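**Student:** A single structure is presented below for examination.
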Amino acid sequence: MASPRDSHSSVGPQSRDSSSSRFSGGIKPGGGPRKMSSHDDRKGGRSKSDKTWKECATIEEEGLLEDEREEKGLPRRCYCLAFLLGFVILFSFFALILWGASRSQKPEITVKSIRFENFIIQAGSDASFVPTDMATLNSTVRFSFRNTGTFFGVHVSATRFVLSYDQLTLAGGDMNNFYQPRKSQRNVEVVVLEKKVPLYGGKPGSVATIPLNLSFMVKSRAYVLGKLVKPKFEIGVRCKVAMNPAKLDTRVSLKNSCQCY
């Protein structure tokens, strides 16, 4: 009975020692517990790491998509700006060409004649009742206006037509505005008259012809490309006119007596 107890007791510690040694062998560095922790990490931590990786991948994909959208959107805006800029440059260049071409097609004016209907000098008084000689002159100026433009018409106006003796204005007249189509010509007549102009000692001498000066300016404007291209032309005219009081109501040629500037 004692020997089994001893054997049992002897076996027990040895078994405990062996079991403890086996257990202690399991907790050696690099042994069982560390493998279990790594195993547990693979089991328990895989879902967390996978989830984190998926979230990071999703964020990266969204960032890439946004970058792609930005890269795609930037060229579109650049294309629009480039198109607008190119259109403006081409349109400006085209307008400049039209302006230069229209400026070279200046209208032409030819003063043909003047006819004096009457010329009267009589005694009278001015507005302040100062006695002086008074002159009455009635005449008609005729000239031709030619629009040389091949692709535009012009709106024509003029300053006041003035007939003067020395520095004294004897008569004046206004021209009616008109529109002249492209590559066309018309004859224009303007009545130049004045009644009872005070001479104040500036009476023309008793000569066969009285030297007069005729001056006016013709203005024309073309609307080639709406209001964007609208060249303007101004032609001034000066004429030396010899009036013969004995030969009234006859046309006096001015073809070689006028200068345009």
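The values are calculated or read from the model by the stated rules, or taken from the named source; none is laboratory data. Since this is a predicted model, take the numbers as computed values, not measurements. Counting neighbours? That spans all protein chains shown, and the Cβs are built from the backbone with ideal geometry, glycine included. Ligands, DNA and RNA are stripped out before the accessible areas are found, and what is left, the full protein with its side chains, is counted by its heavy atoms. Shrake-Rupley method; radii C 1.70, N 1.55, O 1.52, S 1.80 Å.
**Student:** Give the residues of the range 116-165 that are small (Gly, Ala, Ser) and over 30 Å from Gly226 (Cα atoms), sorted by residue number. Full working, then the answer.
**Tutor:** As a first pass, look at the range 116-165 and keep what is small (Gly, Ala, Ser): 123-125, 127-128, 135, 139, 144, 149, 153, 157-158, 164.
Matches in the range 116-165: Ala123, Gly124, Ser125, Ala127, Ser128, Ala135, Ser139, Ser164.
**Student:** Looking at Phe151, Phe161, which one is at pLDDT 85 or above and within 30 Å of Met243 (Cβ to Cβ)? Outline the logic, then answer.
**Tutor:** Working: Phe151 fails: within 30 Å of Met243 (Cβ to Cβ).
Phe161 is the lone residue from the list that is at pLDDT 85 or above and within 30 Å of Met243 (Cβ to Cβ).
**Student:** For the range 223-249, enumerate the residues that are open to solvent by less than 10 Å² (accessible area, probe 1.4 Å), within 28 Å of Thr140 (Cα to Cα) and within 34 Å of the chain's Cα centre (by Cα).
**Tutor:** From the range 223-249, those open to solvent by less than 10 Å² (accessible area, probe 1.4 Å) are 229, 231, 233, 236-237, 239, 241, 243; that's our starting set.
Restricting the remaining residues to those that are within 28 Å of Thr140 (Cα to Cα) gives 233, 236-237, 239, 241, 243.
Listed by number, the residues that qualify are Phe233, Gly236, Val237.
**Student:** Pick from Asn213, Asn187, Asn244, Asn176: which is at pLDDT below 95, of a type in the set (S, T, N, Q) and out of contact with any Pro (no Cβ under 6 Å at 6 or more places or on another chain)? Step through it out loud before you land on a result.
**Tutor:** On the way: Asn213 fails: at pLDDT below 95; Asn187 fails: at pLDDT below 95; Asn176 fails: at pLDDT below 95.
Selected residue: Asn244, the only one of Asn213, Asn187, Asn244, Asn176 that is at pLDDT below 95, of a type in the set (S, T, N, Q) and out of contact with any Pro (no Cβ under 6 Å at 6 or more places or on another chain).
**Student:** If you don't mind, another one. Could you list, in sequence order, the residues of the range 142-153 that are in a strand (DSSP E or B) and either open to solvent by 20 Å² or more (accessible area, probe 1.4 Å) or touching a Phe, Trp or Tyr at 6+ places or on another chain (Cβ under 7 Å) (or both)?
**Tutor:** First, pick out the residues of the range 142-153 that are in a strand (DSSP E or B): 142-147.
Arg142, Arg146 - these are the residues of the range 142-153 that are in a strand (DSSP E or B) and either open to solvent by 20 Å² or more (accessible area, probe 1.4 Å) or touching a Phe, Trp or Tyr at 6+ places or on another chain (Cβ under 7 Å) (or both).
**Student:** Quick one: which of Asn176, Asn213, Asn187 is in a strand (DSSP E or B), exposed (fewer than 14 other Cβ atoms within 10 Å of the Cβ) and among the polar types (S, T, N, Q)?
**Tutor:** Values: Asn176 fails: in a strand (DSSP E or B); Asn213 fails: exposed (fewer than 14 other Cβ atoms within 10 Å of the Cβ).
Going through Asn176, Asn213, Asn187 in turn, just one is in a strand (DSSP E or B), exposed (fewer than 14 other Cβ atoms within 10 Å of the Cβ) and among the polar types (S, T, N, Q): Asn187.
**Student:** List the pairs whose first member sits in the range 140-168 and is small (Gly, Ala, Ser), whose second member is outside any strand (DSSP E or B) and surrounded by 15 or more Cβ atoms within 10 Å (Cβ to Cβ), and whose Cβ atoms are under 7 Å apart, counting only residues at least 6 apart or on separate chains?
**Tutor:** Matching pairs, first to second residue: Gly149/Ser102; Gly149/Gln105; Ala158/Met175.
**Student:** Enumerate the pairs (first residue in the range 88-107 and aromatic (Phe, Trp, Tyr); second residue anywhere and surrounded by 11 or more Cβ atoms within 10 Å (Cβ to Cβ)) with beta-carbon separation below 8 Å, excluding pairs fewer than 6 apart on the same chain, so at least 6 apart or on different chains.
**Tutor:** Cβ pairs passing all conditions: Trp99/Val224; Trp99/Val229; Trp99/Pro231.
**Student:** May I ask you to say which residue of Ser125, Ser92 is closer than 30 Å to Ala246 by Cβ and at pLDDT below 90?
**Tutor:** Numbers: Ser92 fails: closer than 30 Å to Ala246 by Cβ.
Unique residue meeting the criteria: Ser125.
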